[in-house]
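Peer 1: So that we are looking at the same thing, I have put the structure below in structure tokens.
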Amino acid sequence: MKRFAVLSLVLALGTIPAIAGGSCSASSAKQAANSADIVTTASSAGSFNTLIAAVHAAGLLETLQSDGPFTVFAPTDEAFAKLPEGTVEALIADPEQLRAILLYHVVPGRVMAADVVTLDSATTAQGSEVAFVLADGAVRINNANVTATDIETSNGVIHIIDAVIIPRG
């Protein structure tokens, strides 16, 4: 169970003021996103290489490049690095489980930061609920902090998170 939980930390896109340790600022990601889709925007940022590799391995590339709209809570490369050694490789080797974890980071529709702060939860594309908590001016989705918000793309919005989130049960 713990291994499954760790493996489900693969898909989450999000944005707030800065991307810690990343090579792309939230403002430059927003500028690049005007006409680019979610995958292209995340690829351009340079901080989501693991996420993009996982999207390819899970067969979700075409989905996340389609019309959408989608809201992606995107974990950075640093978020993936927090996982126990071998977790990412194990997930890449199990595309079905990887797909479920990645879809847990996606909420159908365009959910902007102003919307998120009014919600207690949302149903993901995977089918399970994620919980939102607003405390001391910061937003959390399950166990992850939202570190940047409202990176608009041609087919949705990305919010950057600092951890991979895993479906319960």
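FYI, it's all coordinate maths here, none of it is from the lab. A quick note: this is a predicted structure, and the numbers were derived from the prediction, not measured. As a convention, Cβ positions derive from the backbone with ideal geometry for all residues, glycine included, and neighbour counts pool all protein chains shown.
Peer 1: Quick one: which residue in Ala122, Ala148, Ala74, Ala163 is surrounded by 15 or more Cβ atoms within 10 Å (Cβ to Cβ) and not in a strand (DSSP E or B)?
Peer 2: Ala163
Peer 1: Please identify the pairs in which a residue from segment 59-73 that is on the phi > 0 side of the Ramachandran plot and touching a residue at least 12 places away in the same chain (Cβ under 8 Å) has its Cβ atom under 8 Å from the Cβ atom of a residue that is surrounded by fewer than 20 Cβ atoms within 10 Å (Cβ to Cβ) and part of a helix (DSSP H, G or I), counting only partners at least 6 apart or on another chain.
Peer 2: Sorted first by the residue in segment 59-73, then by its partner, the pairs are Gly59/Pro95.
Peer 1: Any residue in segment 117-134 that is closer than 23 Å to Leu98 by Cβ sitting within a Cβ distance under 8 Å of a residue that is aromatic (Phe, Trp, Tyr) and assigned to a strand (DSSP E or B)? List the pairs, counting only those 6 or more apart or interchain.
Peer 2: These pairs meet every condition: Ala122/Phe132; Ala125/Phe70; Val130/Phe73.
Peer 1: Go over the candidates Val111, Val116, Val106 one by one and state the one that is within 24 Å of Ala53 (Cα to Cα) and either acidic (Asp, Glu) or surrounded by 14 or more Cβ atoms within 10 Å (Cβ to Cβ) (or both).
Peer 2: The match here is Val106.
Peer 1: Going through segment 137-168 one residue at a time, which ones are more than 26 Å from Ala81 (Cβ to Cβ) and free of Cβ contacts under 8 Å to residues at least 12 places away in the same chain?
Peer 2: Once the filter is applied, which keeps residues that are more than 26 Å from Ala81 (Cβ to Cβ) and free of Cβ contacts under 8 Å to residues at least 12 places away in the same chain, segment 137-168 yields only Gly137.
Peer 1: Of all residues in segment 81-101, count the ones that are within 16 Å of His56 (Cα to Cα) and surrounded by 14 or more Cβ atoms within 10 Å (Cβ to Cβ).
Peer 2: Of segment 81-101, the ones within 16 Å of His56 (Cα to Cα) are 88-101.
Filter once more, so that each one left must be surrounded by 14 or more Cβ atoms within 10 Å (Cβ to Cβ): 88, 90-92, 94-95, 97-101.
Qualifying residue count, segment 81-101: 11.
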